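Worksheet: one structure, shown below.
The values are calculated or read from the model by the stated rules, or taken from the named source; none is laboratory data. Owing to the predicted nature of the structure, the values given are computational and were not obtained by experimental measurement. For neighbour counting, all protein chains shown are included, and Cβ atoms are generated from backbone atoms with ideal geometry for every residue, glycine included. Surface accessibility is based on the protein's heavy atoms, side chains included, excluding ligands, DNA and RNA. Shrake-Rupley method; radii C 1.70, N 1.55, O 1.52, S 1.80 Å.
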Amino acid sequence: MSVQEEPAKGQVKEQAEERPEQHVPRQVGLGPVGWLRWGWRTLTSMKTALILLFLLALASVPGSLVPQRGVDPDKVARLYEQSPTLAEWYDRFQLFEVFTSAWFAAIYLLLFMSLIGCIIPRTATYARELRRKPPAAPRRLDRLPHSASFEGDLDVEEAARRLRRLRFRVVTGDGWVSAEKGYLRETGNLFFHIALLGILLAIGFGSLFGYRGNVLVVEGDGFANTVAAYDRFIPGSQVSAESLEPFSFQLADFKVAYQVTGDKRGQALDYDAHLKVSESPGAPARDYDLKVNDPLEIDGTQTYLIGNGYAPVFKVTDGKGQVAFDGPVPCLIEAKATMTSGCVVKVPDAQPSQLGFLLRFLPTSVPLTDGTYASAFPGEVNPEVQVLGAFKGDLGLRSGRPQSVYELAPPEVLKKLTPIVMGKDVPKPLAVGQSVELPDGVGTLQFTGVKEWVTLQIAYDPGRVPALIAAGTAVVAIALSLLIRRRRVFVRIGEGGAVQVGGLTRTEGSAAGFAEEFADIVKALSAGEKHVR
């Protein structure tokens with residue numbers, strides 16, 4: 001046997017050598033077109049759309065946790081003062097402007113493309129499904145998940161009429177009736193995707209033709225809706241200076257109500273900014289009380305109250321006896337619970353040298369046992385001002401470099417200033433009406449009163465109403481998609497009045513809920529008949 005096998009193996013080897021590539025599988029590359037098709041199918045799959053939707057929701061979280069420049073620039077400034085390194089990292093990853101960042105826009109656009117890729121084939125499939133008639137009834141209805149039979153005088157036309165009364169689409173044949181309902185399930189599914197696309201389009205339309213800005217207004221001052229009046233203005237790419245509504249208002253008064261007793265003492269209860277509003281140039285002013293979550297709306301432009309603080313009033317007399325500064329100074333809040341605030345006063349017009357002051361405002365000043373002072377309540381009960389430091393020299397305001405109003409001078413400029421009141425020379429806190437004489441006859445600082453400031457966000461978003469309509473549509477559509485079942489009912493009428501009824505659902509997980517409905521359908525079909533089984 002072994003002698004006979006050797007030639008057979010040799011013969012196989014020779015045949016393999018003659019055709020060496022016959023049994024070797026080849027790898028076929030996708031090529032550019034193949035990779036593009038694979039990428040498009042992956043992007044437009046339901047799995048990818050859900051992942052992108054989850055990423056969009058996840059990417060929105062930092063916008064709620066990290067202060068945003070367009071909403072609360074004061075908190076951003078405080079974060080830079082308290083944790084400059086952390087603030088720089090936040091800024092590096094665009095966390096202060098989450099909703100206008102490049103990475104948020106990338107998720108947004110990918111989701112936009114994915115939804116379009118989902119909607120187009122779904123719409124075509126849905127259109128074909130609407131034109132398709134229910135299938136003919138199977139021969140053996142007792143094999144369906146739900147079945148029943150009875151005897152009577154029911155005919156095809158009467159069975160079809162009763163099923164139409166139950167809102168079924170009905171097709172009849174020779175001795176059978178086929179009925180189907182629940183098409184609104186796919187309608188809801190399709191409209192949910194269209195509504196999501198509508199939300200994205202509304203947001204995009206609002207970002208192109210809308211704008212928002214922030215402004216700080218002190219009691220007694222006013223605001224006109226012009227680009228130059230904003231502290232920060234973020235327009236859409238299609239917005240011009242002429243696009244802004246020409247309204248104006250004056251902050252006549254601002255009041256905050258605080259809890260004065262109990263465990264929640266000092267908690268703010270209500271904010272009320274009383275405005276004098278003119279809706280157009282030359283129009284008579286009307287009164288309006290601006291509150292949190294109750295914006296002022298003029299022709300689609302909304303003004304929101306988003307922050308408040310104190311603006312002590314100071315009067316600075318220079319070394320030549322002239323009033324070099326007289327007015328309120330908005331202070332940056334250092335402790336929200338007590339409204340202890342840090343203030344910076346810059347007096348570039350003082351003679352013979354410019355003056356600068358670092359101050360701390362205490363709304364309800366109380367002395368502590370160690371000789372220092374603190375605020376015990378956020379309300380204005382015993383307002384006092386501490387002079388933390390006074391300087392003279394060139395403040396660098398004429399150098400052309402922009403400076404923060406909450407910073408006395410950049411570090412390189414601050415080193416060149418001469419301190420005239422520091423450390424042990426700091427006087428006791430000043431009450432309203434009191435003043436402090438500066439050494440070497442360089443001037444006088446007087447605390448003359450207290451005003452309050454508010455920060456307002458003024459926004460125009462033409463996509464707001466369409467986004468609301470799309471969101472409402474999405475809620476209704478998803479409810480239809482979850483609550484409605486796709487189901488079919490078949491009826492066969494045999495000889496001698498034997499009637500068979502069968503039913504099944506086309507929605508996974510809804511068979512248990514269909515059992516009760518199927519019993520009602522059989523009851524409606526067998527009304528007046530007999531021997532139901």
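Observations
- Gyration tensor verdict on the range 344-432 (Cα atoms; rounded if a/c is under 1.5, prolate if a/b is larger than b/c, oblate otherwise): prolate
- Full extension of the chain segment joining Arg140 with Thr448 gains 101.2 nm, where the gain is 0.36 nm per residue of separation less the Cα-Cα distance.
- Rounded tilt (10° steps) of 102-131 against the dominant C-alpha axis of the chain: 30 degrees
- Applying 1/(1 + (r/R0)^6) with R0 = 45 Å to the Cβ-Cβ distance of Met46 and Glu380 gives a FRET efficiency near 0.20.
- Cα-Cα over 32 Å, subset of Lys264/Lys315; Lys276/Lys315; Lys264/Lys392; Lys75/Lys276: Lys264/Lys315; Lys264/Lys392
- Angle in degrees between helix 156-165 and the longest Cα principal axis of the chain, rounded to the nearest 10: 10 degrees
- Cα lying deepest toward the dipole's positive end in the chain, options Phe209, Thr226, Phe361, charges on Cβ: Phe209
- Between Ala335 and Leu86, the simple spin-label model (points 7 angstrom out along Cα→Cβ) gives 1.9 nm.
- Amide proton proximity set for Gly389, modelled H, under 5 Å, gap of 5+: Leu358
- Helical content of the chain, expressed as a calculated mean residue ellipticity at 222 nm, amounts to -11000 deg cm²/dmol (DSSP H runs of 4 or more residues, -39,500 (n - 2.57) each, divided by residue number, nearest 500).
- Using a simple spin-label model with pseudo-atoms 7 Å out from Cα toward Cβ, Thr261 and Leu56 lie 5.2 nm apart.
- Total formal charge among the other residues, if their Cβ is under 13 angstrom from that of Thr44, Lys/Arg +1 and Asp/Glu -1: +4
- For the range 283-334, the relative contact order works out to 24 percent when only alpha carbon pairs closer than 8 Å and six or more residues apart are counted.
- Computed from the Cβ-Cβ distance with R0 of 56 Å, the FRET efficiency linking Arg131 to Glu412 stands at 0.15.
- Using a probe of 1.4 angstrom and keeping all protein chains present, the accessible surface of the chain works out to 56 square angstrom per residue.
- Acute angle (nearest 10 degrees) that the helix 184-209 long axis makes with the longest principal axis of the chain, alpha-carbon atoms: 30 degrees
- Cβ screening of the chain for cysteine pairs under 4.7 Å finds these without a partner: Cys118.
- A crude spin-label estimate for the pair Gln434 and Leu368, with each label 7 Å from Cα along the Cβ direction, gives 1.8 nm.
- Size of charge dipole - the range 396-505 - debye, nearest 20, with Cβ of Lys, Arg +1 and Asp, Glu -1, no other charges: 780 debye
- Neighbours of Phe325 by Cβ distance under 12 Å: Lys/Arg scored +1, Asp/Glu scored -1, total -1.
- Counted charge near Asp72, where neighbours are those whose Cβ lies closer than 14 Å (Asp, Glu -1; Lys, Arg +1): +3
- Computed on the chain, with alpha-carbon pairs under 8 angstrom and 6+ residues apart, the relative contact order is 18 percent.
- The string of couplings for the range 41-52 from the Karplus curve (6.51, -1.76, 1.60, θ = phi - 60°) is 5, 5, 5, 8, 6, 4, 4, 5, 4, 5, 5, 5 Hz, one whole number per residue in order, with x for Gly and Pro.
- Packing-based ranking, highest mean first, of 275-285, 120-130, 482-492, 89-99 given that Cβ atoms within 10 Å are counted: 482-492, 89-99, 275-285, 120-130
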